[in-house]
Amino acid sequence: MDKPKRDSKSVDLANRIIEEYQPESVEDMQNALRDIFGPMFETVLKGEMNHHLGYESNDKDEKATENRRNGYGKKSIKTSSGEVGIKVPRDRDGSFNPELIPKRKKDVSAIENKVISMYARGMSQRDISSTIEDIYGFSVSHEMVSDITDHVLSELEEWQSRPLSSCYAFVFVDCMYTTVRNQYETKKYAVYTILGYTIEGTKEILGLWLNETESKHKWMQIFDEIKARGVEDIFFISMDGVSGLEEGARSIFPNVTVQRCMVHLIRNSVKYVPSKDYKAFTKALRKVYGAPSLKACHSAFESFQQQWASYPGAIDVWTRNFHHVEQLYDYGSAIRKVMYTTNAVESIHSSFRKVTKKGAFPNENALLKVLYLRVTELEKKWEGGYIQSWPMVMNQLLLHENLKDRVLKYLE
């Protein structure tokens, strides 16, 4: 398939920018963007003047009207790339008031913010360009969209290395897969996500990491990294069944309780169950891990084993992992409700998939940009909010003899 040709004007512009600025960093690109935004805004303002007067510049009808163009005034406007000087067209009777940059308004960074916001919601560069043209009447090249969204790379780098809280009561880890183009081939990449619940009951995404596969070695590196960024203690880690992950987590955080996700165990076990029995099978399982006490859990498991003995593969999944079910009952019901599943981080991945489903990303940075922007959207929704029933969770943590001192240490 032939590679699609870029617009010659966009290529010329990019070449001139590279030739003049020799950009080597995001900051260099911001300097270049200041030269781009000036002419862009001036073109829009000229279009608005045409609409205001009812005719194009140098039109023969201009001489027949009382109100006409009257040169330009200078104005300095604020963009996310810094101050930009522009020329604003004037008319003779002073009735022209631009909509894009109204009189006395100097901050126009909202347009750039709109581009970033659309990118965060998973819109393609082509769709963003079309939307900007529909709203503002001028086109934005794919390259310019990329340049604007590249502004977040420095923020992303800072966010990825920021200091973390010293303690997280609960941590949820999981991977999702998406596609990245590597030159002329596409590869599946694993996106590693860690969601933490702080001791105060707020949500925080600790970071995002990419790797071509999910492995215990990568998870070990990640746990080691978050420890270096300030994490001293984690009470509970909820995870799926990656081999070696449990031992790896304990090697970095010796006192952590590692909990296998019940939902993942259900998924693993129903592989051995005909679809006609799914509903009854999962209903029986809920009586096991959802029992009100450990004694009731053991009784429900015995009944479960007898009822579904014809599916030994499914029974074996739960027999091998039953200690993860039993350890749930070392804690109160409010704690169990939080720790028994990784649904909290899977919900984040569901949100990520909404912005990654558009296809393969040209490189890792392009993928990380859109994921980071999605994180910022999620964190805005979480601001000021707390985990449901957190006061009850805290009371049960303080009542647990093995956790009380650890909780009090980080509450002080």
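The numbered conditions (1) surrounded by 18 or more Cβ atoms within 10 Å (Cβ to Cβ); (2) acidic (Asp, Glu); (3) closer than 25 Å to ARG162 by Cβ; (4) modelled with pLDDT under 95 are all true for ASP233 except (4). Against the condition in a strand (DSSP E or B) and either in the same structural domain as ASN365 (by TED's automatic domain parsing) or without any contact (Cβ under 8 Å) to a residue 60 or more places away in the chain (or both), how does LYS218 come out, does it pass? Considered against the rule, which asks whether it is in a strand (DSSP E or B) and either in the same structural domain as ASN365 (by TED's automatic domain parsing) or without any contact (Cβ under 8 Å) to a residue 60 or more places away in the chain (or both), LYS218 comes out as no.
Restricting GLY248, GLY241 to those that are closer than 30 Å to ARG181 by Cα, more than 22 Å from the chain's Cα centre (by Cα) and not in a strand (DSSP E or B) reduces the list to GLY241.
The values are calculated or read from the model by the stated rules, or taken from the named source; none is laboratory data. These numbers were taken from a predicted model, which means no experiment stands behind them. In this analysis, Cβ positions are derived from the backbone assuming ideal geometry, glycine residues included, and neighbour counts consider all displayed protein chains.
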